[in-house]
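The values are calculated or read from the model by the stated rules, or taken from the named source; none is laboratory data. A quick note: this is a predicted structure, and the numbers were derived from the prediction, not measured. Glycine also receives a Cβ, built like all others from the backbone with ideal geometry; neighbour counts cover every protein chain displayed. Heads up: the accessible areas ignore ligands, DNA and RNA and are worked out on the full protein's heavy atoms, side chains in. Shrake-Rupley method; radii C 1.70, N 1.55, O 1.52, S 1.80 Å.
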Amino acid sequence: MSAECREPGPGGHSGASGSGACLPRSTSAPWRLPRWRARAAAAVLCYVNLLNYMNWFIVAGMLLDIQNFFQIQDSNAGLLQTVFICCLLLSAPVFGYLGDRHSRKATLSIGILLWSGAGLASSFISPQYSWLFFLSRGVVGIGSASYSTIAPTVLGDLFVRDQRTRVLAIFYIFIPVGRAVSSRKPAPWGGVPQLRLALQPWTCPHPHCPFPLPLCRSGLGYVLGSAVLQLTGNWRWGFRVMPCLEAVALILLIALVPDPPRGAAEKQEEAVGTPRSSWCEDVRYLGRNWSFVWSTLGVTAIAFVTGALGFWAPKFLFEARVVHGLQPPCLQDPCNSQDSLIFGILTVVTGIIGVVLGAEASRRYKKVNPRAEPLICACSLLTAAPCLYLALVLAPVTLLASYVFLALGELLLSCNWAVVADILLSVVLPRCRGTAEALQITVGHVLGDAGSPYVTGLISGILRAGRPDSYLQSFLSLQQSFLCCTFVIALGGGCFLLTALRLEGDQALARQPGTGTPDSKDAESRALLSGTRVAAEDP
């Protein structure tokens with residue numbers, strides 16, 4: 001039962017606060033929401049998520065025109081995305097703090113106003129103030145951080161158990177639909193000894209996105225940007241159409257999305273006037289929550305591998321075709337290749353199927369094993385590792401088998417995205433979920449896909465330096481540098497196995513009502529609970 005004060009129940013019993021004083025609750029009855037309203041709220045949040053990711057990469061659909069207008073060189077164009085991602089990662093912990101302590105609905109509304117206002121303002125910047133355009137992309141990143149951090153926690157308080165798993169799967173499927181992506185062709189540096197190591201805007205800065213790879217021209221953000229450009233002949237209108245859609249989203253958010261009490265789905269509504277733990281205390285709690293720590297490291301491993309694949313896989317496949325004699329080497333721009341398109345289609349199809357399969361397997365397996373979620377993640381990663389290894393080693397022998405195993409590897413990787421989000425919501429106290437989301441986003445990208453393209457290219461460059469200058473040796477160097485990804489993804493599977501060992505204890509602690517975060521004395525309780533199986537709740 002709750003340690004906080006409750007109104008007398010049917011049996012006439014009332015609770016007491018942990019300090020012995022009775023604290024009044026905001027309502028005399030548990031918080032309730034009609035089912036249609038919860039579904040409408042989920043639909044609105046998915047729609048806003050669509051617009052969010054359309055905004056992230058709308059620049060890609062108009063990049064050449066933007067470069068010509070502001071006279072931005074290629075060496076600086078990538079900074080548009082770098083500024084965006086850095087601002088997102090730096091502001092995510094701030095919004096996590098605000099989302100845990102203040103109105104999440106208000107914070108989401110402010111985030112929409114920030115990114116839509118910055119996008120609209122960027123369309124009126126004159127050519128001599130190109131630095132303002134870079135600044136506007138940073139503000140868009142700040143606004144997007146509020147939504148990426150807080151929206152999943154709202155869904156976590158609207159739905160529980162099987163329903164939450166399904167809703168999260170739908171929520172994350174909307175990411176690639178809106179994500180603006182481009183069918184970049186392999187650069188003409190395939191046969192040059194020096195490897196270009198500058199990061200390109202090809203990876204999605206969200207640890208739960210099932211499509212962090214460069215896809216074909218399927219993202220609505222890219223489509224919108226390029227379509228508006230063709231219709232109007234002016235790239236500025238792409239940034240002026242989006243705010244109209246976002247104004248509709250803001251109205252729907254205000255009208256239909258509630259601001260549920262934290263823990264409402266688990267019937268752990270907050271009490272009025274209860275003391276709130278500090279941000280540092282929340283971080284210490286998360287650092288002692290081993291299910292959160294190990295699952296975050298597992299997500300980081302996934303981000304590392306998908307970041308490396310997203311940057312280097314099209315070039316690897318292109319060079320494999322050259323080695324097989326199916327295509328001439330690319331020595332000057334443009335390179336005529338369909339590898340990015342094929343790889344993009346594989347990623348879209350396997351991503352959608354993987355998210356659905358992972359969520360459904362988790363929903364069904366949880367009925368017989370409460371540790372189903374991390375076990376599914378572990379099995380998928382430990383199986384993806386040999387698939388990726390076979391895709392690499394078979395590429396010089398048979399391209400068809402390489403594509404098959406690459407598709408299987410991507411399918412298995414995609415099974416995790418909705419499941420890991422569900423793990424976080426189930427093991428973290430409702431009052432700390434915003435901070436947990438923010439930390440997982442930051443750690444996943446700082447230690448994951450922010451550096452993996454560079455590390456892979458660096459290893460390839462080191463191997464290439466000691467070999468003869470030939471296209472075959474360039475391909476083999478890249479192939480062997482990719483092998484580190486198989487070890488990283490296997491380590492990620494091990495992290496999820498460790499998550500499974502601590503899952504039930506941390507879930508039990510997250511279900512216990514309280515006024516703040518557990519302190520050090522809860523370590524003993526967690527140890528006692530970690531080996532105890534929690535009885536399955538009614539669906």
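May I ask you to verify whether Arg364 is assigned to a helix (DSSP H, G or I) and open to solvent by less than 10 Å² (accessible area, probe 1.4 Å)? For Arg364, the condition - assigned to a helix (DSSP H, G or I) and open to solvent by less than 10 Å² (accessible area, probe 1.4 Å) - is not met. Right, Leu392: aliphatic (A, V, I, L, M) and open to solvent by 30 Å² or more (accessible area, probe 1.4 Å) or not? The answer is no for Leu392. Mind checking whether some residue in region 432-441 is touching a residue at least 60 places away in the same chain (Cβ under 8 Å) and open to solvent by 10 Å² or more (accessible area, probe 1.4 Å)? Within region 432-441, one or more residues are touching a residue at least 60 places away in the same chain (Cβ under 8 Å) and open to solvent by 10 Å² or more (accessible area, probe 1.4 Å).
Scanning region 119-173 for residues that are of a type in the set (Ser, Thr, Tyr) and surrounded by fewer than 21 Cβ atoms within 10 Å (Cβ to Cβ) yields Ser123, Ser126, Tyr129, Ser130.
What do you reckon, is Leu382 open to solvent by 10 Å² or more (accessible area, probe 1.4 Å) and over 21 Å from Gly492 (Cβ atoms)? It is false that Leu382 is open to solvent by 10 Å² or more (accessible area, probe 1.4 Å) and over 21 Å from Gly492 (Cβ atoms).
If you go through region 443-464, how many residues are surrounded by fewer than 22 Cβ atoms within 10 Å (Cβ to Cβ), under 16 Å from the mean Cα position of the chain (by Cα) and assigned to a helix (DSSP H, G or I)? Adding up the residues that qualify gives 3. With respect to the conditions (1) in contact with a Ser or Thr (Cβ under 7 Å, 6 or more places away or on another chain); (2) modelled with pLDDT under 85, Ile376 lacks only one, and its number is (2).
Can you find a residue in region 323-334 that is assigned to a helix (DSSP H, G or I), surrounded by fewer than 20 Cβ atoms within 10 Å (Cβ to Cβ) and at pLDDT 80 or above? There is at least one residue in region 323-334 that is assigned to a helix (DSSP H, G or I), surrounded by fewer than 20 Cβ atoms within 10 Å (Cβ to Cβ) and at pLDDT 80 or above.
Yes/no matrix, rows are residues, columns are (1) at pLDDT 55 or above; (2) surrounded by 17 or more Cβ atoms within 10 Å (Cβ to Cβ); (3) of a type in the set (A, V, I, L, M):
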position: Leu483; (1), (2), (3): yes, no, yes
position: Phe487; (1), (2), (3): yes, no, no
position: Thr499; (1), (2), (3): yes, yes, no
position: Leu509; (1), (2), (3): yes, yes, yes
position: Ser520; (1), (2), (3): no, no, no
position: Ala523; (1), (2), (3): no, no, yes
position: Pro539; (1), (2), (3): no, no, no
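Among residues belonging to region 396-414 that are among the polar types (S, T, N, Q) and surrounded by fewer than 24 Cβ atoms within 10 Å (Cβ to Cβ), point out the one that is farthest from the chain's Cα centre (by Cα). It comes out as Thr398.
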